[in-house]
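Trainee: Below: one structure in structure tokens.
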Amino acid sequence: MKIAVFGGAGYIGSHTVLQLLERGHDVAVYDNLSSGHRSNLLPTAEFVEGDILDTQALQAFMEDFQPQGVVHLAAFKAAGESMLHPEKYSTNNITGSLNLLNACTAVGVKYFVFSSSAATYGAPQYLPMDEKHPTNPENYYGYTKLAIEDYLRWYDQLKGLKYAALRYFNAAGYDAQGRITGLEKNPANLLPVVMECVAGMRKSMQVFGDDYATPDGTGVRDYIHVSDLAIGHGMAFDYLEQKQESLVVNLGVNSGASVLEVIKMAEEITGRQVNYEIVERRAGDPAEVVADPKLALETLGWQAEHSNLRNLILTTWEAYLANGVVR
Ligand code: WQD
């Protein structure tokens, strides 16, 4: 199938392109390189530098490539930033996504795989969280993801666009063969922040609270390897093509790791120390977020295989070493 990957130069996007190519798809990437890396681009996938806010360039790309499938990962994803600058998220995540949906129906795209998020759920009311969990996003980023899921339901009903909204939990790790090594600039997520500490790129980090009702008091999250996420995207296209039915599904591991467990494992693997200071909780942070991925197994046949904490940290460390950090 011809698949256009929007945001395909990004961290999750490039791993998804790799997996779609390995599954024999004909892939083209459309990315504005605002956060993605040209070095993440794979030679066997066509690349067009463009913005989903540029409707003319978007239309020209779609008319030229004529994809049957689309993966949409072109969005801003910093929850904290979305509360300070909602306009940026409205424009890029909502207007940009609507531009993309209209560009898809204009050229008859049949399958749309959407990068959604556990942030659509908001604070956990029960754990592990399944797809029936209430969706009350606590940050504007999570709201933009839920809003696009609503639009997708209408475009399915009115235009027959079949979609899979994949609700990622906490993405981490890198390709085990080192084929993708682009590092996030100024990361806010835990694993890259810890890696910057052991790599000597940052003197210390803050641990946002150690008074949660968790085993060691620090926040627990469901960290999922980006290669497992990518495999889920490939399976989603197979599902949409075979079943011709849309789907909303969690991609997570159903087990959690705490902040201190991540720090300790990083110190063990790298032999370096992480200097950290325990500070106040970060607003909006729940104590624990863990996925129930049962529906993904039942529908897609998907389950995480690369997401043990050691592999997540080891492959991330290898990516930092590949960028010149001295072992
Ligand atoms: C993880 C844990 C922090 C940084 C966010 C988005 C979510 C998804 C993943 C896109 C928490 C703690 C972190 C630090 C810390 N993004 N932490 N010090 O908040 O679970 O989820 O990213 O889909 O939508 O909301 O991820 O990596 O920011 O935090 O103590 O410097 O690490 O408190 O417990 P989060 P995170």
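The values are calculated or read from the model by the stated rules, or taken from the named source; none is laboratory data. If you're wondering where the values come from, they're calculated on a predicted model, not measured in any experiment. Don't worry about glycine lacking a Cβ; one is built from the backbone with ideal geometry, like all the others, and counts go over all protein chains shown.
Trainee: Condition first: in contact with a strand residue (DSSP E or B) (Cβ under 9 Å, 6 or more places away or on another chain) and within 16 Å of the ligand (Cβ to nearest atom). Now tell me which residues in the stretch 227-249 satisfy that.
Mentor: 228, 229, 232, 233, 248, 249
Trainee: For residues that are under 13 Å from residue 314 (Cα atoms) and of a type in the set (Gly, Ala, Ser), tally how many sit in the stretch 250-277.
Mentor: 2
Trainee: Okay, moving on. Go through the stretch 104-195 and tell me which strands (runs of 3 or more DSSP E), entirely inside it, have 2 or more residues that are among the aromatic types (Phe, Trp, Tyr) and more than 11 Å from the ligand (Cβ to nearest atom). Give the steps one after another, and end with the answer.
Mentor: Working: elements: 111-117, 162-168, 170-172.
Fully inside the stretch 104-195 and qualifying: 111-117.
Trainee: Something else about it: Just a yes or no: is a residue in the stretch 207-226 assigned to a strand (DSSP E or B) and either over 17 Å from residue 309 (Cα atoms) or more than 15 Å from the ligand (Cβ to nearest atom) (or both)?
Mentor: yes
Trainee: Tell me, which helices (runs of 4 or more DSSP H) lie completely within the stretch 46-94 with 2 or more residues that are among the polar types (S, T, N, Q)? Reasoning before the result, please.
Mentor: Working: elements: 55-65, 79-84, 86-89.
In the stretch 46-94, the matching helices (runs of 4 or more DSSP H) lie at 55-65.
Trainee: Looking at this structure, is residue 236 in the same structural domain as residue 69 (by TED's automatic domain parsing) and either surrounded by fewer than 22 Cβ atoms within 10 Å (Cβ to Cβ) or touching a Leu at 6+ places or on another chain (Cβ under 8 Å) (or both)?
Mentor: Here the answer is yes, as residue 236 does meet what is asked.
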